[in-house]
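This report refers to the structure that appears directly beneath it.
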């Protein structure tokens, strides 16, 4: 017959179980640590995916509901192009279409060559519906307004551009910049005189905008100003390399009342002031020099990009050399013949 459990019996059994657990804990402390550690580790919870709201599309919604009217100038991204038209993403409920004839006035312009997907194009709204639900645009009309602002900026900043010569006239050549017809006079094509402009056709020319007149739609460019600056910089660099005191040889190229200009070659010229031409007193350079005559001169200085020369210094040096050639005896008498020194002197 089983003994009925009493409160005293349950207490004794509980104490016995607790004593057994304490004994096991004393015998295996590591096991308790593992149990505690396992209990403390929480299973990872899944990260909730961010929920999209209407506020995330505010800009797109505002763009799609903005009001576009005819003659507005808007920008779009090219998403397709073919020989007949360019298709633009306007971030609007309708796409934009620019027909080939409305893209550029430049006869050398090619849709397939000059327009690629991803390009951003500004154009003017011609029609809100081209009959197929697209907005009809014109880049030519937009450039009539936008281009002149850019051209004025080019002129103010002295911005150099490269243009292709697409036509020739009697007085110069035709080019296009920012889809605007420009003119380069023959006198502004080169530093040299240009008689025939036909060889320039289809060539690329580096030029600078020198005239912008929006009212008269007049755009004038010059390649000469850039060439002059490059030549001047090269000339200044060569002059800076000339050492004062050097003796240079050149050709008399011009005579003026105040001196003679000597062509030193390599595009360089130097001035011999009238006071530096001869030890003799002269009234004008032509008394002792002739154009085309070869001469030698000493470099005095190269200040401010100018070469200052002296022929008189060479004469003085030659006289000094003659004196140094004279040998003196210990008593100071000359070893050279006095007669030879006075041979050309006449006495009264």
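Across segment 269-306, the number of residues qualifying as out of contact with any strand residue (DSSP E or B) (no Cβ under 9 Å at 6 or more places or on another chain) and closer than 30 Å to residue 227 by Cα comes to 3.
Of these, 173, 209, 163, which one is surrounded by 18 or more Cβ atoms within 10 Å (Cβ to Cβ), outside any loop (DSSP other than H, G, I, E, B) and either over 22 Å from the mean Cα position of the chain (by Cα) or free of Cβ contacts under 8 Å to residues at least 12 places away in the same chain (or both)? Give the derivation first.
Working: 209 fails: either over 22 Å from the mean Cα position of the chain (by Cα) or free of Cβ contacts under 8 Å to residues at least 12 places away in the same chain (or both); 163 fails: either over 22 Å from the mean Cα position of the chain (by Cα) or free of Cβ contacts under 8 Å to residues at least 12 places away in the same chain (or both).
Being surrounded by 18 or more Cβ atoms within 10 Å (Cβ to Cβ), outside any loop (DSSP other than H, G, I, E, B) and either over 22 Å from the mean Cα position of the chain (by Cα) or free of Cβ contacts under 8 Å to residues at least 12 places away in the same chain (or both) holds for just one of 173, 209, 163, which is 173.
Quick check: anything in segment 223-236 loosely packed, with under 12 Cβ neighbours inside 10 Å, at pLDDT below 95 and part of a loop (DSSP other than H, G, I, E, B)? No; the residues of segment 223-236 include none that is loosely packed, with under 12 Cβ neighbours inside 10 Å, at pLDDT below 95 and part of a loop (DSSP other than H, G, I, E, B).
Per the listing 253, 266, the residue uniquely touching a helix residue (DSSP H, G or I) at 6+ places or on another chain (Cβ under 8 Å) and within 19 Å of residue 231 (Cβ to Cβ) is 266.
Of the strands (runs of 3 or more DSSP E) that lie entirely inside segment 69-153, those containing 2 or more residues that are surrounded by 15 or more Cβ atoms within 10 Å (Cβ to Cβ) and within 32 Å of the chain's Cα centre (by Cα) span 73-81, 85-89, 120-127. Residue by residue through segment 176-190, note down the ones that are assigned to a loop (DSSP other than H, G, I, E, B) and touching a helix residue (DSSP H, G or I) at 6+ places or on another chain (Cβ under 6 Å). Within segment 176-190, 178, 179 meet the criteria.
A count restricted to segment 144-160 and to residues that are without any contact (Cβ under 8 Å) to a residue 24 or more places away in the chain and over 20 Å from residue 107 (Cβ atoms) stands at 4.
As for segment 110-127, it holds no residue that is free of Cβ contacts under 8 Å to residues at least 12 places away in the same chain and on the phi > 0 side of the Ramachandran plot.
The values are calculated or read from the model by the stated rules, or taken from the named source; none is laboratory data. Fair warning: this is a prediction, and the values are worked out from it, not measured in the lab. All Cβ positions, even for glycine, are placed from backbone atoms using ideal geometry, and neighbour counts span all protein chains on display.
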